[in-house]
Amino acid sequence: MEDERSFSDICGGRLALQRRYYSPSCREFCLSCPRLSLRSLTAVTCTVWLAAYGLFTLCENSMILSAAIFITLLGLLGYLHFVKIDQETLLIIDSLGIQMTSSYASGKESTTFIEMDKVKDIVINEAIYMQKVIYYLCILLKDPVEPHGISQVVPVFQSAKPRLDCLIEVYRSCQEILAHQKATSTSP
Amino acid sequence: GSAVLFLVHSAPGKMVENSLLPGRAIYDFVLLLSSQFGFILYLVWAFIPESWLNSLGLTYWPQKHWTVALPLHLLITIVIGYVLLFRINMMSTPSLNSICTITDNYAKNQQPKKYQEVAIPALRVISTSEVNQMLFLAAKDLYTKN
């Protein structure tokens, strides 16, 4: 079963949340960030080239213009490959674990997998980020030494940063699966 | 974060009007005189030429270069102080994946207290998981309005 809704992130941009229910014990949430806008791309390119042209009129060295073109191209490629994340996916499988995938604009994908034994809980936490207080979803990992302790906090949907209404949807679905998993793990 | 209950205790204290004490008026006057004297001394040092001061017999002054340099240094220090304070604040904020945002030593080491029927429940740090369940699982329509 597939379901798509649109939400907004903390800056006001539009996000699309796609929920896929593969089975009662396996769910996937896919958040798509807004694409790189043509307006910001042209704005950055124009400022860089105007600055380079200004330097060229001061120095009369034509290497500055070709260097500006190179910098713009390399900067764009580096941004698309290392910085711009198009889609973030959270896949929860009941007895197996949680997998988080980030796919970049250049096609690169980076995946993180956490076993279900290490997961203590998934919570919505509030924290200070830059000049705002934001809600974000995070996975709490168990401490091997202490039974009720928390060893690590793994934030999820780091670059999409959805608002609370989207987080509540994902939180409720995850809690259903975790409750189901705790019930089946404690029963003999 | 966790939910902590604060008991506000307000005691009626005695308010003493600071401006009525005679000692404060004397301090104010001394401060006024000394600051005015210091300012006039600074102006004398800056504007009156070396030769006139030497003829009066006052020869041991710092260089006049410092009359311009010191206020400038002070101004730049204040401006950098603004920027530095802002940056230090941002750097000492815990990042999103740090454990400080979830729990701390006090919350880990707190002793569970017995529940008494009549008295107000004791202060306790409630874990993030419990708070989340109360806020987001129980109250269904509280947060879904945009």
(request) Give the distance, in whole Å, between the Cα centre of segment A:1-61 and the Cα centre of segment B:63-81. (result) 46 Å
(message) What does the charge count around A:THR111 come to, taking other residues whose C-beta lies under 15 Å from its C-beta (Lys +1, Arg +1, Asp -1, Glu -1)?
(response) -4
(message) Could you compute the net charge surrounding A:VAL133? Neighbours are other residues with a C-beta less than 13 Å from the C-beta of A:VAL133; K and R count +1, D and E count -1.
(response) +2
(request) Calculate the mean, over all residues of peptide B:88-101, of how many other protein chain Cβ atoms lie within 10 angstrom of the residue's Cβ. (result) 4
(request) Sort A:SER159, A:SER23, A:SER173 so the one with the fewest other Cβ atoms within 10 Å of its own Cβ comes first. (result) A:SER23, A:SER159, A:SER173
(request) For every helix of n ≥ 4 consecutive DSSP H residues, a contribution of -39,500 (n - 2.57) applies; sum these over the protein assembly as shown, divide by its total residues, and give [θ] at 222 nm rounded to the nearest 500 deg cm²/dmol. (result) -13000 deg cm²/dmol
(request) Please give the average number of partner chain Cβ atoms lying within 10 Å of the Cβ of each residue in B:120-127, rounded to a whole number. (result) 1
(message) Using a 10 Å cut-off around each Cβ, can you sort A:VAL145, B:VAL131 from fewest to most neighbouring Cβ atoms?
(response) A:VAL145, B:VAL131
(request) Please work out how much length the chain gains when fully extended from B:ILE88 to B:VAL118, using 0.36 nm per residue of separation minus the C-alpha to C-alpha distance, in nm with one decimal. (result) 6.1 nm
(message) Restricting to bridges with both residues inside segment A:92-188, how much of the DSSP beta-bridge set is antiparallel, in percent to the nearest 5?
(response) 100 percent
(request) Give me B:TYR42, A:TYR171 ranked fewest to most by other Cβ atoms within 10 Å of their Cβ, as a rough exposure proxy. (result) B:TYR42, A:TYR171
(request) When a/c is below 1.5 the answer is rounded, else prolate if a/b is larger than b/c, else oblate, so apply that to the protein assembly as shown with a ≥ b ≥ c taken from the square roots of the Cα gyration tensor eigenvalues. (result) oblate
(request) Among the chymotrypsin sites (Phe, Trp or Tyr not before Pro) in segment B:66-119, which ones are in a DSSP loop with at most 16 other Cβ atoms within 10 Å of the Cβ? Mind listing them? (result) B:TYR115
(request) Could you calculate the FRET efficiency of A:PHE70 with A:GLU115 from 1/(1 + (r/R0)^6), where r is the beta carbon distance between them and R0 is 41 Å, rounded to 0.05? (result) 0.35
(request) Helix by helix through chain A, keep the DSSP H runs that span 24 Å or more along the axis on Cα and average at least -0.5 on Kyte-Doolittle, and give those back in order. (result) A:38-59, A:164-186
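Every read-out reported here was derived from the displayed coordinates using simple, explicitly stated rules and does not represent laboratory data. From a predicted model like this one, the values you see are computed outputs, not experimental measurements. Cβ: placed from backbone, ideal geometry, glycine included. Neighbour counts: every protein chain shown.
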